[in-house]
Amino acid sequence: MSKISPIIKPEDLTWLNFDEEIVIIDASAGSQARYNENHLVGAIFANVNEDLANIGNFADGGRHPLPSFEQFSKVLQKLGITKHTHVIVYDDKNGGNAAARLWWMLKSIGHEKAQVIDGGFQAAVKSGFPTTNKIETPKSVGEYEINTWNLPLSNIEEVEKVAKSEEYILIDVRDANRFNGLTEPIDTIAGHIPGAINIPFTENLDEEGRFLAPEVLNKKYTSALSSVTAENVIVHCGSGITACHTLLAMDYAGLTIPKLYVGSWSEWSRNNKKMVLANG
């Protein structure tokens, strides 16, 4: 089977053969109410906090640590997803951060038939895809067996060890003001991990909130990473959600997906680690 693009254009949704095993997932962060009010026809809601994370002690894994394999298996079963399902996921943010997190999780368990709608809910509606307030009922399916994350992960110990190494690149995808410690709307301390560089995830998008062309993204990240190999690149954000947007962009660009540091700034800043603050 040829590699499926991680991005599906909203204009192409109408060409899908819905007789096939397709499941549309609405992963809008914290927007159950918005889903109940209006969502794409056929879409099933996935809660970012409850379905895509196992929230506990922020100092141990950050604000959105990955769920256990058993937990994620039950989530996929609840959503009606099998190993043969073609999953199409979106959220209500043009950037598609939460959608990218589910895409990364699916790809990391070996589920290749997963795509994110370019431009999200708004773009799909604009392209003419119908919406509804009908609450969808997932079909009944068996257990989805999961036993490993196939995509590379990093942790706080590795990040501390290699952050300032010339052989590694640590990418922080938060906006520049958060990276520079000028503002911090979520976590308790503003700043960034020493040695990290800032490439905001918004730079993956055009003025309409659509992903830049693969060749443009390829040139951008090939230049930024220089001669550093993918296995020595670690991408993070605030809590391991938005970082997946950049991993999605890099895969879309035809590049090898680097490591994800799930704990990100939310974990690092709560562990008395060295930090670059606004005045530092």
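The values are calculated or read from the model by the stated rules, or taken from the named source; none is laboratory data. Note that the structure is predicted; figures quoted are calculated from it, not measured. Neighbour counts are summed over all protein chains in view; Cβ atoms, including those assigned to glycine, are modelled from backbone coordinates with ideal geometry.
Scan segment 199-217 and give yes if some residue there is at pLDDT 95 or above and more than 22 Å from G119 (Cβ to Cβ), otherwise no.
No.
Anything in segment 76-119 that is modelled with pLDDT of 95 or more, surrounded by 19 or more Cβ atoms within 10 Å (Cβ to Cβ) and in a helix (DSSP H, G or I)? List them, or say none.
L76, L79, A99, A100, R101, L102, W103, W104, M105, L106, K107, S108
Would you mind stating whether L205 is touching a residue at least 12 places away in the same chain (Cβ under 8 Å) and farther than 26 Å from N57 by Cα?
Yes, satisfied.
Residue check, Y35 against (1) in a helix (DSSP H, G or I); (2) more than 28 Å from R174 (Cα to Cα); (3) among the hydroxyl-bearing types (S, T, Y), all met but one. Which one?
Every condition holds for Y35 apart from (2).
Determine whether I7 is under 18 Å from the mean Cα position of the chain (by Cα) and either more than 24 Å from I135 (Cβ to Cβ) or buried (at least 22 other Cβ atoms within 10 Å of the Cβ) (or both). Show your work before the answer.
On the way: under 18 Å from the mean Cα position of the chain (by Cα): yes; either more than 24 Å from I135 (Cβ to Cβ) or buried (at least 22 other Cβ atoms within 10 Å of the Cβ) (or both): yes.
Yes: the conditions hold for I7.
Name the residues in segment 157-193 that are surrounded by fewer than 21 Cβ atoms within 10 Å (Cβ to Cβ), in a helix (DSSP H, G or I) and aliphatic (A, V, I, L, M), would you?
V162, A176
Could you tell me which numbered condition A249 fails, if it satisfies all but one of (1) assigned to a loop (DSSP other than H, G, I, E, B); (2) touching a strand residue (DSSP E or B) at 6+ places or on another chain (Cβ under 7 Å)?
(1)
Need pairs with beta-carbon distance below 8 Å; first residue without any contact (Cβ under 8 Å) to a residue 12 or more places away in the chain and within segment 183-197, second of a type in the set (A, V, I, L, M, F, W, C) and in a loop (DSSP other than H, G, I, E, B); sequence gap 6+ or separate chains.
T183/A190; E184/A190
In segment 194-214, what residues are over 15 Å from the mean Cα position of the chain (by Cα), closer than 12 Å to R174 by Cα and in a loop (DSSP other than H, G, I, E, B)?
A196, I199 - these are the residues of segment 194-214 that are over 15 Å from the mean Cα position of the chain (by Cα), closer than 12 Å to R174 by Cα and in a loop (DSSP other than H, G, I, E, B).
Quick one: what pairs do we get from segment 44-61, first residue surrounded by fewer than 19 Cβ atoms within 10 Å (Cβ to Cβ), second of a type in the set (V, I, T), C-beta under 7 Å, 6+ apart or different chains?
From residues that are surrounded by fewer than 19 Cβ atoms within 10 Å (Cβ to Cβ), the pairs are N49/I55.
Tell me, which residue of segment 260-280 that is buried (at least 16 other Cβ atoms within 10 Å of the Cβ) and touching a helix residue (DSSP H, G or I) at 6+ places or on another chain (Cβ under 7 Å) is farthest from I189 (Cα to Cα)?
Out of the qualifying residues, it is L260.
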